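Okay, so here's the structure we're looking at.
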């Protein structure tokens, strides 16, 4: 990039008046020296990460949503692996600045495994998490949730999700899938179910397969996309069998077609976000080759309702040039018609400020780049 000088170099005026072509050339050169403005390709790149809050270690696992009034809300566990509070922070300027974190009242009587945030079609926000329990050698987690009707400023009392035969895998990390009012699909690690919050009834979902603790979304055309890496998840997780790398259904989950497209799922998985224009954004992790761990986060588009994915045009939104400790769990939302926002955590103690939760704004324009020559990559 050409550095922006304090002033455009002085050029004699008389030759310019006599030579129109020279005037055009100088004007074009001056354009190159101007600061980047919205619409120029130079601005179509992710912004620098903004620190949302400080954390300690463990299962920080942040969640993210955009409220009906446009506020961006993040929830995370400051001390993972047994934290007793879920911290909420809010941005009223599209993720550029964040409020001081405050614990959500009422969620303080158990060791918490963080879950997810979902803004429903009505504007109500659902916060979900699980509580760790043990009795002798028996371990289980109890899924719970609360709701907010005022853009996350006040919350209902926590309620149990009455899942029978709880296991240590009765938990989820991604937003629920709203099939209809009071019909929420919960992709728990040990089962995939439909929950009715009005009646507290549980029923099977679709063909009753276990998708695992994966993202599930409904596209603008009505298809369902599951991030399932295998056809039917096993608990506890064992050697992968019948790998499908994503599933797609056009009949409300009664049948599914393997995508054979999505990348390695890993421990922290990935995220799916349906955009307002119908595109779908995949937020995935770049894993080390020959070096364990996560090294970067990237965004990839599908422009054909989730059938194929443009991995030849993936955009890196965070790459610190080192391993990212803590698994990150990146989450992405659409902030406005032009911008995406991605939330993640990084437990590197040597970075400025120490371990923290971070947010990156990305222009959608940065993803809308020409395809390279040659066959497209699925």
Just order 202-214, 249-261 by mean Cβ neighbour count inside 10 Å, highest at the front, would you? 202-214, 249-261
List the residues of region 340-368 whose backbone N lies under 13 Å from a point placed 7 Å from the Cα of residue 54 along the Cα-to-Cβ direction. 352-357
The FRET efficiency for residue 138 and residue 84, from their Cβ-Cβ distance with R0 = 30 Å and rounded to 0.05, is 0.90
Would you mind ranking 324, 369 so that the residue whose beta carbon has the fewest other beta carbons within 10 Å leads the list? 369, 324
Considering every pair of different Cα atoms, what Kirkwood radius, in Å, is found for region 109-268? 16.3 Å
Given a Förster radius of 51 Å and the C-beta distance between residue 122 and residue 287 as r, what FRET efficiency does 1/(1 + (r/R0)^6) yield to the nearest 0.05? 0.85
Grab the beta carbon distance between residue 47 and residue 252, set R0 = 35 Å, and tell me the FRET efficiency rounded to 0.05. 0.35
Hey, can you rank 222-235, 93-106 by average C-beta count inside 10 Å, highest first? 222-235, 93-106
Okay, which of region 246-267 sit inside 16 Å, backbone N to the point 7 Å along the Cα-Cβ direction of residue 179? 248-256
Can you tell me how much longer the chain between residue 93 and residue 150 gets when fully stretched, taken as 0.36 nm per residue apart minus their C-alpha distance, in nm with one decimal? 18.7 nm
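For region 49-366, report the % of Cα-Cα distances exceeding 25 Å.
Everything past 25 Å amounts to 47 percent.
Bear in mind that the values in this text are calculations on the coordinates, not laboratory data. These figures come from a predicted structure and were not determined experimentally. Backbone-built Cβ (ideal geometry, glycine too); neighbour counts: all protein chains shown.
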